[in-house]
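The values are calculated or read from the model by the stated rules, or taken from the named source; none is laboratory data. Only a predicted model underlies this, so the values are computations on that prediction, with no experimental measurement involved. Every residue, glycine as well, gets a Cβ built from its backbone with ideal geometry; the counts of neighbours run over all protein chains shown. These area figures cover heavy atoms from the full protein model, side chains too; ligands, DNA and RNA do not enter into them. Shrake-Rupley method; radii C 1.70, N 1.55, O 1.52, S 1.80 Å.
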Amino acid sequence: QLQLVESGGGLVQPGGSLRLSCAASGFTLDYYDIGWFRQAPGKEREGVSCISSSGGSTNYGDSVKGRFAISRDNAKNTVYLQMNSLKPEDTAVYYCAALRRGSTTVQFMCAAPRLIEYDYWGQGTQVTVSS
């Protein structure tokens, strides 16, 4: 079965950290750019961070710059999102998505997720930041 599986979400206090993982099953991530997206209740899905297939190019949403870091380990077929200095407004369901490399830039992936037809989506993992 071809799928992406997110993990690592949970409840954390403001200022805390979490690391999300996005693991591919049934296919290799080497040929895919990966994006992390989030959606809070009543809000549109927004791009959080995106990374090229090689890891050489990354992009971050303005609200997470300097706090979040995206990385990938193609040997483990996994992409990570390290989230530090978490704020209550980071509360959302976080999703990862895969797009065949070369389809567009990682900047556009993150800026306009609704305009892109991704090859794979994960089921999402809840992140709640609250005291």
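Just give me the residues in segment 84-100 being buried (at least 16 other Cβ atoms within 10 Å of the Cβ), not in a strand (DSSP E or B) and not aliphatic (A, V, I, L, M), in sequence order.
Within segment 84-100, ASP90, THR91 meet the criteria.
Restricting to segment 49-78, and then to whatever is basic (Lys, Arg) and surrounded by fewer than 15 Cβ atoms within 10 Å (Cβ to Cβ), can you tell me which residue is farthest from TYR118 (Cα to Cα)?
Taking the candidates together, the pick is LYS65.
Tell me yes or no: at least one residue of segment 111-123 is touching a Pro at 6+ places or on another chain (Cβ under 9 Å) and either among the aliphatic types (A, V, I, L, M) or in contact (Cβ under 8 Å) with a residue 24 or more places away in the chain (or both).
No.
Of all residues being of a type in the set (D, E, K, R) and in a strand (DSSP E or B) in segment 51-83, which is nearest to CYS110 (Cα to Cα)? Just the residue, please.
Once the filter is applied, the top-ranked residue is ARG72.
So in segment 20-48, with the set limited to residues that are of a type in the set (D, E, K, R) and open to solvent by 30 Å² or more (accessible area, probe 1.4 Å), which one is nearest to GLN107 (Cα to Cα)?
By that ranking, first place goes to GLU46.
Quick one: LEU29 ticks every box in (1) over 12 Å from ASN77 (Cβ atoms); (2) touching a residue at least 12 places away in the same chain (Cβ under 8 Å) bar one, so which box is it?
The single condition LEU29 does not satisfy is (1).
Here's the yes/no breakdown for (1) under 19 Å from SER63 (Cβ atoms); (2) without any contact (Cβ under 8 Å) to a residue 12 or more places away in the chain; (3) outside any loop (DSSP other than H, G, I, E, B):
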position: GLU6; (1), (2), (3): no, no, yes
position: PRO14; (1), (2), (3): yes, no, no
position: CYS22; (1), (2), (3): no, no, yes
position: ASP33; (1), (2), (3): no, no, yes
position: PHE37; (1), (2), (3): yes, no, yes
position: GLU44; (1), (2), (3): yes, no, no
position: VAL48; (1), (2), (3): yes, no, yes
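Find the residue count for segment 101-122, including only residues that are surrounded by fewer than 16 Cβ atoms within 10 Å (Cβ to Cβ), in a helix (DSSP H, G or I) and not hydrophobic (A, V, I, L, M, F, W, C).
Qualifying residue count for the region: 2.
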